[in-house]
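Data first, discussion second: the structure below is written as structure tokens.
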């Protein structure tokens, strides 16, 4: 048995000093003091927060995006995840047009199985709709996939409103969740052309062509469609704007239920000034969709987290190297959109949230652990420090301040969007089912991640 002693345990009941015992891959006991027996290993974590393993429910690993393959494979991406305290990812498998969902899931298993350092599960993204997909939804349920995704943007991914309605109607009796990328794609296409034709070709054109109204309109439209489908369950992913949050509040004020919301660290910690750096490469690395917004949106998102209007913080980890970003040097619409983030999420949220007084440590635990586990059918196996739960543990040392820098990153992107940020504390140890996987930022365990079949939402 392994005993993590003298830490501050972050549990649903609140943070308290105590010990936690791990055995056989499970948490077996919590107590103020656990006396070790002969042969027990005692790890002193005095002065540290002891969290459940973080869950990142929005990643794109080893994925074709329409422009290029993401830089991180499941091997490198989950190593980066583990270093960042993330013991479980939920990645977006994608059924491209002409590909069935079971075949797409098989392909994602071929990419991931046997290579992952963190645990992994899958959502399934739909790029077309028909009777075959309708029948295959039940097959996905049987294979442990209970959440799906559609897009209101990108020509090769976008579903129209009528198909979105039918997907929601088909998911409702299965109690499935639809995650939706909410940007008005036709508006974005037209605005991109207008901005480019005006002579703006650099990264600053990216936020200009994707204003907040493009997100807010798509969110509002999604919520009306979900209401038409009988208040089917929807998750607004990567919320970036105050205006979008207001659309969500409006729907809830009308009495609509089953609305869930995710945001990302880049929208909580960065502002749109990053796109105006005189160094093209520095600016281009921040191109992602939706774009990073003006500072007033950060304040609204933090308020939404405190009020429980936003339930989860994931990353939308979709990494590209700076060489890949260079494909758009003459045209901002050709810059691959996406950021690395799975490696830094915990430290950024603690630094800009907990340490800055914008969030409690319990709130951080809910957004990174408990809520994603409940939302995606992993609770209480994951997301909580409790007897019987899996022994996925993050030990966070609030005294271990350091500076985030590219040279320390595991991700194959080769940079971090939070370069130069001095953290408040850092991740000291990460355990996966009781085995030490990360210590002081270094991988010390092998690829022991398991595929997780998921149940239904309990949030």
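Among 427, 34, 443, rank each residue by its count of other Cβ atoms within 10 Å, from fewest to most, as a rough exposure measure.
443, 34, 427
Report, to the nearest 10°, how far helix 131-142 tilts away from the longest principal axis of the Cα atoms in the chain, using its own Cα long axis and a range of 0 to 90°.
On a 0 to 90 degree scale, this one is about 10.
With the contact rule set at Cα under 8 Å and sequence spacing of 6 or more, what percent relative contact order holds for the chain?
21 percent
Counting DSSP beta bridges with both partners in the chain, what percentage is antiparallel, nearest 5?
So the antiparallel bridges amount to about 45 percent of the total.
Quick one: plug the Kirkwood hydrodynamic radius of the range 75-133 (C-alpha pairs) into Stokes-Einstein at 20 °C, 1.002 mPa s, and report D in µm²/s.
Value of D from the Cα-based Kirkwood radius: 174 µm²/s.
For the range 137-186 and the range 230-307, what is the separation of their Cα centres, given in Å?
Each part's Cα centre sits 20 Å from the other's.
How long are the semi-axes of the equivalent ellipsoid of the range 236-387, defined as square roots of 5 times the Cα gyration tensor eigenvalues? Whole Å, largest first.
Result for the range 236-387: semi-axes of 29, 18, 15 Å.
Compute the helix-to-body angle for 212-228: its Cα long axis versus the longest principal axis of the chain, expressed 0 to 90° and rounded to tens.
Result, in degrees: 80.
By average Cβ neighbour count within 10 Å, what is the ranking of 290-296, 196-202 from highest down?
With the highest mean Cβ count within 10 Å placed first, the list reads 290-296, 196-202.
I need the shape label for the range 104-195. Rule: rounded when a/c is under 1.5, else prolate if a/b > b/c, else oblate, with a, b, c from the alpha carbon gyration tensor.
Oblate, since a/c reaches 1.5 and b/c is not below a/b.
Beta carbons within 10 angstrom, averaged per residue: use that to sort the peptides 390-402, 318-330, highest first. Each step should come with its number before you reach the end.
Working: 390-402: 21.3, 318-330: 19.2.
Put in order of decreasing packing, that is 390-402, 318-330.
Between [x] 4, 22, 33, 27, 11, 3, 0, 0; [y] 4, 18, 24, 24, 18, 9, 2, 0; [z] 4, 20, 29, 27, 15, 5, 0, which entry matches P(r) over Cα pairs in 10 Å bins from 0, in percent as derived from the coordinates of this structure?
Given [x] 4, 22, 33, 27, 11, 3, 0, 0; [y] 4, 18, 24, 24, 18, 9, 2, 0; [z] 4, 20, 29, 27, 15, 5, 0, the calculated one carries the label [x].
Evaluate 2.2 N^0.38 Å with N set to the residue count of the range 43-197, then give the Cα radius of gyration divided by it.
Values: Rg = 17.8 Å, N = 155, 2.2 N^0.38 = 15.0 Å.
Dividing the Cα Rg of the range 43-197 by 2.2 N^0.38 Å gives 1.19.
Please report how far the C-alpha centroid of the range 443-459 lies from that of the range 47-84, rounded to the nearest whole angstrom.
For the range 443-459 versus the range 47-84, the Cα centre distance is 12 Å.
Between residue 97 and residue 405, what is the label-to-label distance in nm when each label sits 7 Å out along the Cα-to-Cβ direction?
Going from the residue 97 label point to the residue 405 one covers 4.7 nm.
How far apart, in nanometres, would the label points at residue 281 and residue 334 be if each is projected 7 angstrom from Cα along the Cα-to-Cβ direction?
1.9 nm
What do you get for the angle between helix 161-171 and the principal long axis of the chain? Use alpha-carbon atoms, 0 to 90 degrees, nearest ten.
So the helix axis and the longest Cα principal axis differ by about 30 degrees.
Readers should treat all values here as calculations from the given coordinates under stated rules, not as data from a laboratory. Here the structure is a predicted model, which is why all the values come from computation and not from measurement. Quick reminder, even Gly has a Cβ in these numbers, built from the backbone with ideal geometry, and neighbours come from all protein chains shown.
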